[in-house]
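Have a look at the structure below, then the notes.
What follows draws every value from the coordinates through simple rules; no lab data is involved. What you are looking at is a predicted structure, and each value in this text was computed from that prediction instead of being measured. Cβ sites come from the backbone with ideal geometry, for glycine too, and all protein chains shown count toward neighbours.
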Ligand SMILES: C[S@@+](CC[C@H](N)C(=O)[O-])C[C@H]1O[C@@H](n2cnc3c(N)ncnc32)[C@H](O)[C@@H]1O
């Protein structure tokens, strides 16, 4: 890998000639902010400033870095523009939109992401919430028993008995508190749930693996301590965030919370987003514990139904995945056939067909999303997406960004700009016991315009 520097007064042509002379990928080494004059098609690596704390609040396994939406919003939108973020996640783009004085409409189908985004987009009475959390903890130490309100598969495998009691006690106290306080308190409970589960530090999914380390014994007092710790962290991050000049009235949620079916009243000047990564993360599975403990799903079936609605879902029946799907994009359809037939890698029974269908369905769902977003976007408006590229599935390289751009172009978008960002220290793929799911090396950022 070769590093280049991008200086503001550097001629674009010079940079390009240097890149083209080498037969390896050369990266423009950029410090802090992605510049407006970045040459189209650049490969960049980014040295980052430490961001404000609000970005780190809330669990989301594939957070975008704020520099990407910040670059897009400054280059392609003006103050007071209405911006749509259909795959909001932990709200990174939302924060950027508000920081830069634009208005936001957002959606995400995961109820945990919805909670995180609501906390980040409300101005709440932080001092009162802090005081309430302290009362809750004090009262929890004195509470002996509590009714069990939560049930889900493998609960006892992942939560020690006394931890379960501690979580139930805190939750029952939160639910008795002022509804205005509850989002922050529940978000702290969500972090406590993850921390006090028997997952190892850094694990994304609740799946037993050979490398699971020994888990420390925990008790209900640990639960109370972590809860207070996370409330303090949230309050500190929000206090910092509240110093920025943004207004609750500039925020709107998409009622359906489904990026495939945006509602008619979401008219916007621009879209900025990072859609799910193909074959990388099941967001609903990854937040299974939080969803159940916070009553964000009613039961296992309710959670599985949500998972089926995710873009990129692997919950596909065998009747469906035995059929070879055709997207109408010849290049992509040939790659799907290679996966289906196991030309590059023969996986265990049914996996090739399943993966082929996952890829097919991912692109069909994204096409539906582009169609819906196209109708919400004003003429001449810009749509920017950042996506992990390239994805290796059963040994077959899927050019995700190119294929998405092709589908969008067929609907009337026109590509106007793209660049590639080298990913550093990002665990985007869940480690699997297989050698056919490669690691994503770049985020590709594409800007398109509605003609
Ligand atoms: C790559 S993540 C977005 C991360 C976000 N940019 C951040 O920095 O936190 C993709 C998000 O898409 C959401 N998602 C998946 N399917 C969806 C759908 N049908 N409608 C809306 N959101 C969906 C997932 O829940 C996930 O939060």
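Worth a mention:
- For q = 0.15, 0.24, 0.30 Å⁻¹, Debye-computed log10 I/I(0) when each Cα of segment 348-404 counts as one equal scatterer: -0.55, -1.03, -1.27
- The stretch between residue 147 and residue 267 holds 38.6 nm of extra length on full extension. This uses 0.36 nm per residue minus the Cα-Cα distance.
- Segment 322-410: relative contact order in percent, alpha carbon pairs under 8 Å with at least 6 residues between: 32
- From least to most packed, judged by other beta carbons within 10 angstrom and beginning with the fewest, 405, 145 follow the order 145, 405.
- Principal axis box of segment 179-315, alpha-carbon based, largest edge first, Å: 52, 41, 26
- Largest first and in whole Å, the equivalent-ellipsoid semi-axes of the chain read 37, 28, 21, each the square root of five times a Cα gyration tensor eigenvalue.
- If you sort the three axes of the alpha carbon gyration tensor as a ≥ b ≥ c, you get a/c of 1.5 or more for segment 81-237 and a/b no higher than b/c, which makes it oblate.
- Per-residue ellipticity at 222 nm from helix content only, as computed over the chain with -39500 (n - 2.57) for each DSSP H run of at least four residues, stands at -12500 deg cm²/dmol.
- Neighbour counting of Cβ atoms within 10 Å sorts the residues 47, 96, fewest neighbours leading, into 47, 96.
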